[in-house]
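The values are calculated or read from the model by the stated rules, or taken from the named source; none is laboratory data. Remember, predicted model here, so these are calculated numbers, not experimental data. Ideal geometry is used to build each Cβ from the backbone, glycine not excepted, and the neighbour counts take in all protein chains shown. Side chains are part of the model used for accessible areas, which takes the heavy atoms of the whole protein and leaves out ligands, DNA and RNA. Shrake-Rupley method; radii C 1.70, N 1.55, O 1.52, S 1.80 Å.
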Amino acid sequence: VGGSEEIDACGGNGIVLVTTTVFSFSKTGQIQFGKVDVNSMVASCDNSENYVGIVYGKPGQDCRVGSPIKDKKEYTGPCKSGWIKKSFFEFLAG
C-alpha cells in the first residue's frame, strides 16, 4: 500500500463478485489462504494482469487505506489483505 503523498494508500475500491479464496505470502514465503464473501466491498491496492491486491475487513471497518501513505509498504492491518482473481472483482472507483 501507499507510495504517494498525493493519493490514498489504496487508490480504488470495488466489489467481490463471488465468494473466493484470497491468497497472500508470509514473511517466510509460505502461501496463506483466506476467504472473502460475495458482495464484499474491498479496497483495491495493486493489480497484475490476472489478480487484484485487496484490503478487506468487516462491513464498516476502517482499514486505514483511505489516506495517503508516503512510502510504499506491506499492509499490516488492522484488516486483512491478499490477492484475488481479477475476474472475480468489479472496480467501482479508482
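According to the calculation over all Cα-Cα pairs in the chain, the P(r) per 10 Å bin from zero is 17, 53, 28, 2 %.
Mean sequence separation of contacting Cα pairs (under 8 Å, at least six apart), scaled by the length of segment 21-94, corresponds to a relative contact order of 31 percent.
Here segment 44-82 is scanned for amide nitrogen atoms under 17 Å from the site 7 Å beyond the Cα of Glu5 along Cα-to-Cβ, giving 67-73.
Rg of the Cα atoms in segment 46-94, relative to 2.2 N^0.38 Å, amounts to 1.19. Solvent-accessible area per residue in segment 15-94 equals 68 Å², computed with a 1.4 angstrom probe and all protein chains kept. Exceedance of the 22 Å cut-off in Cα-Cα distance is limited, within the set Lys27/Lys58; Lys35/Lys70; Lys27/Lys86; Lys35/Lys58, to Lys27/Lys58; Lys35/Lys70; Lys27/Lys86. For segment 6-24 and segment 49-91, compute the distance between their C-alpha centroids and round to whole Å. Cα centroid of segment 6-24 versus Cα centroid of segment 49-91: 5 Å apart. Each peptide among 27-38, 79-90, 51-62 gets the average number of other Cβ atoms lying within 10 Å of its residues, and from highest to lowest they stand as 79-90, 51-62, 27-38. For the set Ile7, Ile69, the ranking by accessible area, highest first and with no ligand, DNA or RNA atoms included, is Ile7, Ile69 under a 1.4 Å probe. Per-atom-type breakdown for the chain gives carbon and sulfur 49% of the accessible area (1.4 Å probe, protein chains only).
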